[in-house]
Every structure is written in C-alpha cells, then in structure tokens.
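Everything on this sheet refers to the single structure shown next.
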Amino acid sequence: IGTRTFLGARGIRELTRRGHVVGAHSMTHPSRMADLGESALRREWRDSRASLEDILGAEVAVASVPGGLYAPHVGRAAAAEGIR
C-alpha cells in the first residue's frame, strides 16, 4: 500500500466510496502462499486485513490469494483470520 505503482490510503478509500469491494491480498505477497506454514499464513491474512481495516474504518472480510495459487490450508488460515 502506498508504494510505487500501488494505491495509497486515499486511493483505497476512494475505491470503496465508488462502490468497489476492497479485500485482503496478503501482507508481503509471497510468490507461493501454499508453501507457507500455518502461522505465516495467518500472519499474512491478519496483517493485511488489519492494515486495510485501519485505512477504511470498516471490516475487511474478503480476500484473493496472490498468484491465484490456492490450497485448502490457505483457505483454512484465511477463515481462521475472519476472511469469508
């Protein structure tokens, strides 16, 4: 968030104002989420959600997996951190 080629807090708030759904996408954007262990996965989801929730002042309950490389344990970790 706020780094070169990415939106900052103001841009993220503007997206939601315009009706877009903003969701978590991980905190560090690992190349393969499925390679992470349980605690690292939960940290990625938790920190990503918290950062966005601080910006938006609202719950963030959706997410997408970096690279689309989904695995069941990635989904379970997301659910454990409040992502639906």
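The values are calculated or read from the model by the stated rules, or taken from the named source; none is laboratory data. This one's a predicted model, so the numbers in the text were calculated from it and none came from an experiment. Cβ coordinates were reconstructed from backbone atoms using ideal geometry, including for glycine residues, and neighbour counts include every protein chain displayed. Heads up: the accessible areas ignore ligands, DNA and RNA and are worked out on the full protein's heavy atoms, side chains in. Shrake-Rupley method; radii C 1.70, N 1.55, O 1.52, S 1.80 Å.
Report the Cα-based extents of the chain along its three principal axes, largest first, to the nearest Å.
34, 26, 18
Run through segment 1-79 and list the chymotrypsin sites (Phe, Trp or Tyr not before Pro) located in a DSSP loop whose Cβ has at most 11 other Cβ atoms within 10 Å.
6
How high is the relative contact order of the chain, given as a whole-number percent (alpha carbon pairs under 8 Å, six or more residues apart)?
Once divided by the residue count of the chain, the mean separation gives 34 percent.
Out of segment 8-63, which GluC sites (Glu not before Pro) are coil in DSSP terms and have no more than 14 other C-beta atoms within 10 Å?
Those that pass, being in a loop and sparsely packed, are 59.
Roll a 1.4 angstrom probe over the protein heavy atoms and tell me the percent of accessible area of the chain that is carbon or sulfur.
Ligands and nucleic acids excluded, carbon and sulfur reach 52 percent.
Can you work out the accessible area per residue across segment 1-80, with the rest of the protein chains kept in place, probe 1.4 Å, in square angstrom?
The answer is 63 Å² per residue.
Identify the trypsin sites (Lys or Arg not before Pro) of segment 1-59 meeting these criteria: DSSP loop state and at most 12 other C-beta atoms within 10 Å of the C-beta.
The qualifying sites are 4, 18, 32.
Rounding to the nearest 20 debye, state how big the charge dipole of the chain is about its Cα centre with +1 on each Lys and Arg Cβ and -1 on each Asp and Glu Cβ.
The dipole magnitude comes to about 220 debye.
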